[in-house]
1. Considering each of Ala53, Ala48, Ala114 in turn, give the residue that is modelled with pLDDT of 90 or more, of a type in the set (Gly, Ala, Ser), exposed (fewer than 14 other Cβ atoms within 10 Å of the Cβ) and over 30 Å from Val154 (Cα atoms).
2. Taking the condition part of a loop (DSSP other than H, G, I, E, B) and within 29 Å of Glu26 (Cα to Cα), does Phe71 pass?
3. Quickly run through segment 119-172 and pick out the residues that are modelled with pLDDT of 80 or more, closer than 25 Å to Lys107 by Cα and exposed (fewer than 10 other Cβ atoms within 10 Å of the Cβ).
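The values are calculated or read from the model by the stated rules, or taken from the named source; none is laboratory data. Note that the structure is a prediction, hence the values are computed from the model and not measured. Cβ placement follows ideal geometry from the backbone for every residue including glycine, while neighbour counts extend to all protein chains displayed.
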Amino acid sequence: MNENFFADYKKFIVVPEDETKVGKEEYDPKKYAAHYILTLSIFNSRIANWREANKYEIDIEKSIKTVLKEFNEKQQGKYYLQLLELDKFTNYFILALSSKTKFEPGKESDCISAIIDKKLMNPFYIGQNWFNLIGERGRVERKLFRCSFKEYIVEDKVHEKGERYENISELIPKSGEIKLIKGTLKKDVL
């Protein structure tokens, strides 16, 4: 074989794209059709609050952030999860779930349960060792979370006349003086 056959190989190099870099799109809530606020707590919990997870060598905040980052990279174009609240003195945390498509009315519970049980549970259960946080009943049922949710609906602040006011100070006259105006009664003359 001729050793100079691949002499110009550098013209044919195509570097594979890194999957994690492809998934780094900025979150824009306007691109999602539905938003839900989820409250998750441990099913059959062995701990009273998140601080007790240290006994099992689990950093709760780091675990949640790691799993959410991986979830968002894998589910790009379908769902987006965001941590809203985590208090180490409680035994629950609050997430925001955004979905590109709106769930069918009446089937929201099934859809959200499927996301939690099929896409979110295993990374926590096995990947972050959260199986240590549940009791025997939870292991037998292979269930990690109890979940409640409510749809998040953004209310538009529109005045009756179609004018938009961001706050009440826009309604107060520039002089800063608010006057009570008494209206006079009109009598119809026949």
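1. Within the list Ala53, Ala48, Ala114, the selection yields Ala48.
2. No: the conditions fail for Phe71.
3. Within segment 119-172, Ile153 is the sole residue that qualifies.
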